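What follows is a set of notes on a single structure, which appears directly below.
The values are calculated or read from the model by the stated rules, or taken from the named source; none is laboratory data. Treat the numbers as computed from the prediction; the structure is a model and nothing was measured. Cβ placement follows ideal geometry from the backbone for every residue including glycine, while neighbour counts extend to all protein chains displayed.
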Amino acid sequence: METPGSVPLRQLPSSDNLHNQEAPEYAEHDSSSDYSPLHNEEPPSYSQAQSTGQIPRREHTTSFPRLAWVFLFSIIYVALVLYTWAMTAILSTRPLKSNSWTYSTETLHYLYFDKDETDFHREEKIYRSVRTIQTFIQVVTLPWISTVCTSAAVIFKQNRKNSMGRQATTLADREWTDFSLYRALICGKWRQYGSKLVAAAIFIWVFGLITYPIQSLFLSSRSVKVRTYPQQRADIYDFRSVGSSSASYSVGKDVLQVRDALNKANTNTYQPNLWNNNSGVQFLTLNDMSSQTFYSQLPSGFNTGLVRQFAPRVNSTATYEIIEASQFPVNCGSSSGAFYAEYSASYSWYSTFSWGVIACMPGNMTESPWRTERKRQEFSEVLYLNMTQDEYLSADYTGQAALYRITVNTTAGFFELPNYMNQGVPGPLLDKDPVDLCDQHCLKQLHTYYSGGYHRRDESTAGSALKAISLDSISGQRKGPLLSSAIATFGPGSFIDTFMAIASTLEEDKGADESLSNLRSICITNPTLANLLGNSSPECMSIDSSPNGTWYPAGSQIAGWIYGFENAADSIPRVFTAAAFLANEEFLSDQGGGWYINQDLGTDMDLPSISRVGIIVVSILMGLYLLPLLALSLYADCYSR
C-alpha cells in the first residue's frame, strides 16, 4: 500500500537469477569458482534509489597557495639592488645635481653661483644608505633566491604530473644549493635529476652567488676633496690694469720705497713672496736667489685647492763683468733720457785721498720696459759703474778704477698656482694669456679691462741744476728693477748724497753746538747694498772719532764702502739679483688690482670608486640573475591564482 511521499518498492531477483544475469564486464573477473562470502550474501529485498538530479558531478580540481607576496618582495628586492647600484655608479663619477665634484663647465668663468650647488649633504646621506642597503642585500640574496625557486617549484611540480620522483626530490630539497648536484649533472645524470626549473634555479643561484664577490673586486671606497664655496683671497696686478693715474703719481715715490726696502734688507730674513719651482711653502732668503726663483704677490706655496688660478710672476737675474775703460759709455751724462750720477771727493787723513763713483744707464730710460699684456715678456737693463778709492790699498789694488757692467735680465708673465690638479707644484712661466688657457676647473679672475698703454716716463720732466745728476729717468713711472735699484743706490737722496751733506754740516759746526756734536756718534745712514754684500761691509755710517779725539773724515767712510764693494765683486750678481727682487716687489705691490685670486680647499667626502669596466661587468652579472628571478617570481604568482 502506497502513501503520499513514500518511495516505490520493486522486487529484486533472487540470488540464483542474479548470478545468471551478471553484467558482461565482470564475467571475466568472476570466472573462478571461489567466491568470497560477500558474493554469497543475499542483498536486502529493497533499496532506495536516488534521482538523477541528486547525483553530484565529479570534478578534478587542485587548490594552489596564493604566492603574490613572493612577486611583491622580489620587486622590492630588485628595486633595492637597482637603487644601490645606480647610486654607486653615479656617485663614483659625479654628484646628483651637477657634472663634477670639483668644478665643471657649468662654473667656467663664473665666480658667484648658488650655494646649493656646493651642498653635498644629500649625496652623503644617500651614500650612507647605499652602504647599509648593500650589506643587507649581500646577506639576503642567496636565501631569497632559494625562496623564490622553492615557491616556483611547488607550482611547477603540481603542473607536471609526469615528473619523476627524483626530480621532485631535487626541487623539494633545494639541491641547486648543493654542489654535489652539479657533479651529478656533469656526469650525465640530467634525465634523472634535471628539469627546466632546476636549470633556472641553478642559473639564478650561481650568478647571485658570484655577482657580489666580483663587485667587491671592482668597488672600493675613497676619500676625495669636493668643492665647497670659493673664497676670494687677493686682488692683484695683472700687467694690464692701471694701478694709478699720472695725475696722482708722486714723482720719486717708487724710488724711496725701493731705497727703504734695500736699506732694511738682509740675507737672513725669510722672504714670504720668494718662490721656486718646488712644492709646498719654501722658507727662502735673499741668499737663495737664483735663475729658478721668482717673485709673486702671493706667499710662496699658496695652494688654490680645487680651483685652477693663475698669478703674475717676475724673475730678474743679474750678471756682471769687469770691463776696460774703452767699454765704458762716453758722454753718458749728456744722453737724453739716460740715468747718470757722479760723485767724487777728496779728504785728508794723515794724507790726501780721493774717491769717486759714476753710475750710468745709457738709452732712453723714460720709456717703460713693461708691456701692457699678460703674455710672457722679457727685457734687459744694463748699468755701468766706475768706482775708485785710494785709501784702502792692498797688494792687488793700487787705486785704479774698477769698471763693471751689470746686466739684469727680467722675465715676467703668468704661472699656474699650486693646486690639487698639479700636485701642489707651481706651474712654469706661460707664453700665452692665462685667460686663453682656462678650462672647467677655472673661476673668473679678470674684473677690469684696460686697452691702453703705460704712461711714458717723460710725461714729467723735472730738471736738475746738479751737474752730476740727470733726473729725466727719475720722473717716469713703472721703472725696470735695475733702474729703480740704481737710482735708489746712486741717485739724488741716496746714502752717498745725504751722508756727505750731513757730515759736511757736522764738520763745519763741530764744537759749536753740544747737541749737534752728539750726532757724531750715532748712525746717520745705512749704506745701500752693504747689508747684502756680506759681514765685512759696514751696515751703518756715522761720523765717528778716534781715541785721541780726531774726527774720521766722511770721505773715509765712503771709501770704505767702495772698498767693500770692490772686495766682494763676486757677490755683485747675488746683490743685484736681490735688489731687483725687492724692486719688483715694490713695483707690483704698489699697483692697483684687477686680477682676482680665488681659493677652494674643498672638504673630504667618502665616495665609491669603480672603473667603467667594473660598472659594465657588474651590471651584466646583475641582469643575468635579476631578470630570471623576477620571471620566476611572476610565474609563481600567476600560476597560483
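Of note:
- Residue list for the range 283-322, filter: among the aliphatic types (A, V, I, L, M) and surrounded by 15 or more Cβ atoms within 10 Å (Cβ to Cβ): 284, 286, 289, 298, 306, 307, 311, 314, 318
- The criterion of at least 1 residues that are among the hydrophobic types (A, V, I, L, M, F, W, C) and modelled with pLDDT under 80 is met by the following helices (runs of 4 or more DSSP H) wholly inside the range 522-640: 554-567, 612-638.
- Extreme residue, farthest from residue 82 (Cα to Cα), among residues of the range 119-139 that are hydrophobic (A, V, I, L, M, F, W, C) and exposed (fewer than 14 other Cβ atoms within 10 Å of the Cβ): 139
- Just one of the numbered conditions (1) surrounded by 10 or more Cβ atoms within 10 Å (Cβ to Cβ); (2) modelled with pLDDT under 95; (3) over 30 Å from residue 229 (Cβ atoms); (4) in contact with a helix residue (DSSP H, G or I) (Cβ under 6 Å, 6 or more places away or on another chain) is not true of residue 80: (2).
- Scanning the range 401-426 for residues that are in a loop (DSSP other than H, G, I, E, B) and surrounded by fewer than 19 Cβ atoms within 10 Å (Cβ to Cβ) yields 401, 421, 422, 423, 424, 425.
- Filter result for residue 588 (in contact (Cβ under 8 Å) with a residue 12 or more places away in the chain and over 25 Å from the mean Cα position of the chain (by Cα)): yes
- Selection status of residue 515, at pLDDT below 85 and touching a helix residue (DSSP H, G or I) at 6+ places or on another chain (Cβ under 6 Å): no
- Single residue of the range 343-368 satisfying the filter (of a type outside the set (S, T, N, Q) and out of contact with any helix residue (DSSP H, G or I) (no Cβ under 7 Å at 6 or more places or on another chain)) that is nearest to residue 297 (Cα to Cα): 363
- Selection from the range 291-322 of residues that are of a type in the set (Gly, Ala, Ser) and without any contact (Cβ under 8 Å) to a residue 60 or more places away in the chain: 291, 300
- One residue from 369, 426 being closer than 17 Å to residue 308 by Cα and at pLDDT 90 or above: 426
- Criterion: farther than 21 Å from residue 597 by Cβ, of a type in the set (Ser, Thr, Tyr) and at pLDDT below 90 - qualifying residue of 398, 410, 448: 398
- Just one of the listed residues (470, 484) is among the small types (Gly, Ala, Ser), modelled with pLDDT under 90 and crowded, with 16+ Cβ neighbours inside 10 Å, namely 470.
- Boolean, residue 71 is touching a helix residue (DSSP H, G or I) at 6+ places or on another chain (Cβ under 7 Å) and either in a helix (DSSP H, G or I) or modelled with pLDDT of 90 or more (or both): yes
- Taking the numbered list (1) within 14 Å of residue 582 (Cβ to Cβ); (2) out of contact with any helix residue (DSSP H, G or I) (no Cβ under 6 Å at 6 or more places or on another chain) in turn, residue 305 passes all entries but (1).
- Verdict on residue 334 being of a type in the set (Ser, Thr, Tyr) and under 30 Å from residue 432 (Cα atoms): no
Here's the yes/no breakdown for (1) modelled with pLDDT under 65; (2) among the charged types (D, E, K, R); (3) in a helix (DSSP H, G or I); (4) buried (at least 20 other Cβ atoms within 10 Å of the Cβ):
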position	(1), (2), (3), (4)
182	yes, no, yes, no
222	no, yes, no, no
232	no, no, no, no
256	no, no, yes, no
